[in-house]
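For reference, the structure discussed in these notes is given below.
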Amino acid sequence: MKKRVLAALLTTCLAITTLAGCGSESASTSEGSTSTDTAPAAEEQAPAAEEQVATAETEAASKYQTTYGSKMFDDVTITVELFDRSNAPEGSTITDNRWTNYVNEQMNKVGITVEFVPVPRWDEVEKMQTMVAGQTAPDITLTYTYAYAEDYFNQGGIWDLSEFIDGEDQAKNLKAYIGEDTLNIGRNADNALYGIVARRATTAKSNFFIRKDWLDALNLEVPTTTEELHDVLYKMVHENPDGRQDVCAIVWNAWNLRKTFSKLAGNEVEVNIAGTEDSTQDYYDPGMKDYYRYMNQLYNDGILNPEYYTLSEDNFKSLFVTGSVAFMEYSVNANVDVLRGSLLKTLQENEPSADVVSIEPLKNVNDGQQYSPAYASGGLIAFCPKTADEEKVEACMTYLDWMCTQEGGFTIYHGFAGEHFEWEGDVPVVKDAEYNATDKDWLRTDLFVTGNQGYFATVEDFNACTSKEAPGYESYVIANYENALKGTVDHDSVYTSPSTSDHIADLTSAKDEYSTALITCAPDDFDATWDEYMEELEKCDVQLIIQERTDYFKQ
């Protein structure tokens, strides 16, 4: 029988683990049933969970058994953080729905019950800090900021997970799927494992998007430089072909635009020293002053949304779908991403002639080259606070191990063959994108916590599958992911210097205050405001962090 997605990755899975799947497709057909076409014959199936436990206890040397199916727990309940985007369809809630029920059906088979703790997605850092400080954090707590997790570990507040993961017989599915390099992102210099880092299906990060219909109506070419972009946007805003007076540009994240002005782009060591925090980049990369000056020009020329710094993401999306946005920098597939609301599709329902496409990275102002920012191989990090006892941590790691199986993460992300997708070779291809959107897609990326952007073996599989999730917009998806990795790719650094966790809050606060001031101030006040910003960063010990990063990356 031909193995499906991740067959190569999962060759090291436990041969005895029925529940972990390990290439079996019995759970990929329909809920609670098996396919006579794809399920292995009964005599070929692995032994029951009780037999697996007995075998594991005989052969295993590890104190904790965390490969799914290798231990029967005694009714252990674990709490797991779940990002809440307030997008649950009617009849479901974030914690009570088909897929959270499916999780518990599978985990109950090994004596584990999962209780989900919803946390607003865009307030996750503040909420996490409050919960950890108040010792109310879930047994599995999530964050995208590794420095916080490492800081909590250094303070003795979270578990070293190496005892639960590193044994040869432990967490076999997890280690096979995530891979050693990504797993090691969650280790400190002493090899302590303070968190489990999710594996990214693709490192593509961000894109520029532009109103192609307005570009054509004004007889303008696709901009390739910052000067051309300014001139194009000025005309779209002030000479709008539809006669609109509310047109603007929004730079929701500035990863690409920063690369366009960076004087370090393409130099791996220097880019790593600058790091991924805006504050350290601003201080270390001389090109960032030019980036802020350009944003100031966009603002003062009436191009940038005048209230961009107060916009929530929902407000921003509303501006997009009602036709106000001429240009934006946003997540890689944002114009057609189902998770973000199929923005272009909604816009075209309001304005049928509208079209928004991604464009290639602009030429760097210093050397004329194209640079693309990209994620590191790791996504979010999951850690276990010390408020969880060791049995709960063992159960938590078993849960994360199950997430790395086809019956776990694959099914949560892709659903069931015949209902949600059909196989095309080794790639699961969506059957009905609208059905999937309301049945599972609204939750799948947040429930699948060991993988960012989906359960896939290769980037090529990811691109092929993802394009099918936007019927009618397949070419947009392919173009988006190709444009996001054009030119020289600079991947995010995952290193956290020793002092970062002590100062990150103050640095972030200074950045938030002064980035707004720099962009909105009068042009004549820009230089003085910049000098104040640099002085404030120095008060927050940014120089110490830069020195630590320099020592690390130049060794």
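The values are calculated or read from the model by the stated rules, or taken from the named source; none is laboratory data. Quantities reported herein were computed from a predicted structural model and do not represent experimental measurements. All Cβ positions, even for glycine, are placed from backbone atoms using ideal geometry, and neighbour counts span all protein chains on display.
Quick check, is residue 295 farther than 30 Å from residue 85 by Cβ and of a type in the set (A, V, I, L, M)? Here the answer is no, as residue 295 does not meet what is asked. Scanning the stretch 220-261 for residues that are in contact with an Asp or Glu (Cβ under 7 Å, 6 or more places away or on another chain), in a helix (DSSP H, G or I) and polar (S, T, N, Q) returns a single hit, 256.
Evaluate the stretch 487-506: report whether one residue or more is farther than 24 Å from residue 198 by Cα and in contact with a strand residue (DSSP E or B) (Cβ under 9 Å, 6 or more places away or on another chain). Among the residues of the stretch 487-506, at least one is farther than 24 Å from residue 198 by Cα and in contact with a strand residue (DSSP E or B) (Cβ under 9 Å, 6 or more places away or on another chain), which makes the answer yes. Among residues of the stretch 463-492 that are buried (at least 20 other Cβ atoms within 10 Å of the Cβ), those with a Cβ under 6 angstrom from a residue that is among the acidic types (Asp, Glu) and assigned to a loop (DSSP other than H, G, I, E, B), sequence gap 6+ or separate chain, pair up as 483/360. Just checking, which of 486, 511 is modelled with pLDDT of 95 or more and not in a helix (DSSP H, G or I)? Matching residue, one of 486, 511: 486. Would the stretch 116-129 turn up any residue that is part of a loop (DSSP other than H, G, I, E, B), within 21 Å of residue 443 (Cβ to Cβ) and either touching a strand residue (DSSP E or B) at 6+ places or on another chain (Cβ under 8 Å) or not aromatic (Phe, Trp, Tyr) (or both)? The answer is no, given that none of the residues of the stretch 116-129 is part of a loop (DSSP other than H, G, I, E, B), within 21 Å of residue 443 (Cβ to Cβ) and either touching a strand residue (DSSP E or B) at 6+ places or on another chain (Cβ under 8 Å) or not aromatic (Phe, Trp, Tyr) (or both).
A quick yes/no check of all residues on (1) in contact with a helix residue (DSSP H, G or I) (Cβ under 6 Å, 6 or more places away or on another chain); (2) among the aliphatic types (A, V, I, L, M); (3) buried (at least 21 other Cβ atoms within 10 Å of the Cβ):
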| position | (1), (2), (3) |
| --- | --- |
| 290 | yes, no, no |
| 298 | no, yes, yes |
| 319 | no, yes, no |
| 326 | yes, yes, yes |
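For residue 128, the requirement of being over 19 Å from the mean Cα position of the chain (by Cα), aliphatic (A, V, I, L, M) and crowded, with 21+ Cβ neighbours inside 10 Å is not met.
Taking the criterion of being out of contact with any Leu (no Cβ under 7 Å at 6 or more places or on another chain), more than 30 Å from residue 270 (Cβ to Cβ) and not hydroxyl-bearing (Ser, Thr, Tyr), would at least one residue in the stretch 364-382 satisfy it? No, that holds for no residue. Once the stretch 520-537 is narrowed to residues that are part of a helix (DSSP H, G or I) and touching a residue at least 40 places away in the same chain (Cβ under 8 Å), the residue that is surrounded by the most Cβ atoms within 10 Å (Cβ to Cβ) is 537. Only residues that are in contact with a helix residue (DSSP H, G or I) (Cβ under 8 Å, 6 or more places away or on another chain) and closer than 21 Å to residue 108 by Cβ were counted across the stretch 414-443, and they come to 3. Restricting the stretch 238-284 to residues that are of a type in the set (Asp, Glu) and surrounded by fewer than 23 Cβ atoms within 10 Å (Cβ to Cβ) leaves a set whose member that is modelled with the lowest pLDDT is 277.
Among the residues of the stretch 89-106, at least one is loosely packed, with under 15 Cβ neighbours inside 10 Å, touching a helix residue (DSSP H, G or I) at 6+ places or on another chain (Cβ under 9 Å) and among the acidic types (Asp, Glu).
Considering each residue of the stretch 204-218 in turn, at least one proves to be under 17 Å from the mean Cα position of the chain (by Cα), small (Gly, Ala, Ser), farther than 30 Å from residue 401 by Cβ and modelled with pLDDT of 95 or more.
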